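One structure, as structure tokens, below. Some questions next.
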Amino acid sequence: MFKGLKFETGTEIGRISADFAIGYSEIASTEKEKKVIRRPFPWIILLLVLIAFISVWMFRHGIFISPPRFNSILLSINHEPQKVLSGEKIFLHPEDKIKILDISTNILFNLHVRLVAKDLDVTALQYEEIKLADLLPDHEMFAHYCFRIKVKYRNRFMGKIDLDCRPYTEDWIDRADKIIDKDKRLVFLERARHFLPEEPEITKRLIIEYKSHKSWKKAAFMLEDLAAKKPDQEILYDLLDVYRAMKSRDSVIAVLKRLSNLNPNDLELHFQLAEAFENNGQFTEAIQEYKGLLKKMNKEDSLSVYKHLGYIYTESGQFKKAISFYLKAEKLDHEDMNLYYNLSYLFEKINKSESADKYLEKAVRLKSEDVESRLKLSQNLIKKGRLEEAQKYLREILSRKPDSTNALSLMAHLLHKKGDVKELKKVYKKILALEPENKTVMYNLGILEYEGGNQKASLKYFNGYLKLHPKDASVHEILFDIYQKQKNIQMAFNEAIILVELRPEDLGAYRLIFNYLYVRCKYEKIISIMKKGLKANPGQTKLRKYLLSAYLKKGKDEEAIKQIKELLKTDPKNIDLLFQLARLQEQRARPEKAVDIYKKIIQLSPANEKAKDAYLSLRLKGVKDKDGK
């Protein structure tokens, strides 16, 4: 019945009703004019009731012969209408102002038609124009959102449109430029690239940020990715800077190769590649590149290449080839003292000392204020024994820089070689004034004064030295000798104690220690020191005799007997030791052992009356010897 009708707005049904009423009025008028006898009123009423019933029924139930269909949505975007067909996607900016103006379906008055969207208040858009950013989650506009608006009739899905909301590339960049905190700015740009991975402006801006953070690896990774997609020279130059900052020599070489392939006639690039090979120790490749450059360059412009080749051949041990290139460079540059130094070194390597000295002198003549050059020349001349020439250069240095410790040290070395002790002392004192804790100079001054017989001055320097180096046994030995010569027994004893602690195997100090302690009756101290000495020197009879004397003084007979027996092992015919042992055995009530010892003494020394008397006395007392006689 209503198959041909299209209900798009709420005014259509009213128009139909009005047309029907007009038609009815015209029919009635005609009927009157014709004065028809039959009365049509009941049929008209019935027809009107039927139409009204069907209209109400359609209004309530929205029934159509065809199924429900969604056609489009009419949007207002920044006050501009735009129709979005079913299934289409529309791209929007968060700052866009949106309103839903109309929904086109085949349902009368869109009855029971509704819009559904996740995370978007789509209902609000049907009533007022709203900035899209105000409807975003947490009002966060810097993200990518895709809102699917579903059109449903009752619960039946009719169709959908997609709203893709995202900021422009320039929005991301502008926002990043306004972030002061560099760490937050980096996080923001990383977020931008997450959403726009293929956007070159975002990628470039993030690379700049990585470089400012010195995150070289991340910057290199992104630049490599860009270069792989498009081998652009600008990208490769950026990549080169990053790899240089990373000090990744292999990567620098790889990028320079790519640039050189793109620019085969660019001599500067080939020079940089040669330098990169050189710095990476790839001398063969570097030489090849440098020689390739020489073929393309004018001779006048080849100075730097000659110097590099000279250096490489020097490092490779090919000294003659190095000299040949340095000499070519010298023809173009007469003012480079390093060139002369290098030539001097190389000529010295091939045993051409005259040429070596010639170029070294050229170097120092170039700059009268060049202290370092003169120092080096002086050092070389000293090594060669050319002391007078070296002294001349050192005096020039000291006239300009009297506080140069390097020059003073070299002068001291020179004066030592010359044997000029008087001047050497003066130089050492200057160094010590500049470096009060220079222990080497203190030691040397102490030695010079000691050898010169100035014990007081020597003590001053050695005591200062020992404050910095308290365990130097050689200095304590010198002090021990000085104090003995000065007859300062107490100080000599103190040094002797230190010496036996530092060098217990050195016997020189034990005699003084024994004499010092013995006259003061400090026998226990003697015993302690001599025991330690014997551990370090088990075969030393002097130390054992010192220990024996202390045992005897302390009345430690058994310990004394042990020491005598040890001494007799090395000197079994020592009459004095045998007499001491015999008497100790008598004191310990061992007359039989004493008789045997006296008998042995008589055998060794038949004329020894003391031994005979002692032996006879014991025998008269009835003491038998070991043979039972």
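Within the range 499-512, work out how many residues are touching a residue at least 12 places away in the same chain (Cβ under 8 Å), surrounded by fewer than 20 Cβ atoms within 10 Å (Cβ to Cβ) and part of a helix (DSSP H, G or I).
Summing the residues that are touching a residue at least 12 places away in the same chain (Cβ under 8 Å), surrounded by fewer than 20 Cβ atoms within 10 Å (Cβ to Cβ) and part of a helix (DSSP H, G or I) in the range 499-512 gives 5.
Inside the range 95-136, can you point out the residues that are of a type outside the set (D, E, K, R) and assigned to a loop (DSSP other than H, G, I, E, B)?
The answer is 106, 107, 111, 112, 120, 126, 127, 136.
Give me the residue from the range 178-225 that is part of a helix (DSSP H, G or I) and of a type in the set (Gly, Ala, Ser) and, out of that set, farthest from the chain's Cα centre (by Cα).
192
Moving on. If residue 475 satisfies all but one of (1) within 23 Å of residue 508 (Cβ to Cβ); (2) within 42 Å of the chain's Cα centre (by Cα), what's the number of the condition it fails?
That leaves (2) as the condition not met.
How about the range 537-629: which helices (runs of 4 or more DSSP H) wholly inside it have at least 2 residues that are on the phi > 0 side of the Ramachandran plot?
Output list is empty.
For the range 322-337, which residues satisfy the criterion of being surrounded by fewer than 17 Cβ atoms within 10 Å (Cβ to Cβ), assigned to a helix (DSSP H, G or I), of a type outside the set (Gly, Ala, Ser) and free of Cβ contacts under 8 Å to residues at least 24 places away in the same chain?
Result: 327, 331.
Pull out all pairs, ordered by first then second residue, where Cβ-Cβ is under 7 Å, the residues are six or more apart or on different chains, the first lies in the range 351-373 and is within 18 Å of residue 385 (Cβ to Cβ), and the second is charged (D, E, K, R).
356/348
Show the residue pairs that are 6+ apart or on different chains and have beta-carbon atoms under 7 Å apart, the first residue being within the range 110-125 and free of Cβ contacts under 8 Å to residues at least 24 places away in the same chain, the second being surrounded by fewer than 18 Cβ atoms within 10 Å (Cβ to Cβ).
That search, which allows pairs on different chains as well, returns 124/130.
Within the range 226-247, count every residue that is assigned to a loop (DSSP other than H, G, I, E, B) and over 22 Å from the mean Cα position of the chain (by Cα).
Qualifying residue count, the range 226-247: 3.
Next question, about the same structure. So in the range 310-321, with the set limited to residues that are outside any helix (DSSP H, G or I) and either within 33 Å of the chain's Cα centre (by Cα) or among the basic types (Lys, Arg) (or both), which one is surrounded by the most Cβ atoms within 10 Å (Cβ to Cβ)?
Across the range 310-321, the extreme among qualifying residues is 316.
Just checking, which of 223, 256, 262 is over 30 Å from residue 328 (Cβ atoms) and surrounded by 19 or more Cβ atoms within 10 Å (Cβ to Cβ)?
223
Six or more apart or on different chains, Cβ under 7 Å: which pairs go from a residue in the range 248-270 that's part of a helix (DSSP H, G or I) to one that's exposed (fewer than 13 other Cβ atoms within 10 Å of the Cβ) and of a type in the set (Lys, Arg)? Could you list them?
Taking only residues 6 or more apart or on different chains, the pairs are 267/296.
Every number in this text was worked out from the coordinates using simple rules, so none of it is lab data. If you're wondering where the values come from, they're calculated on a predicted model, not measured in any experiment. Quick reminder, even Gly has a Cβ in these numbers, built from the backbone with ideal geometry, and neighbours come from all protein chains shown.
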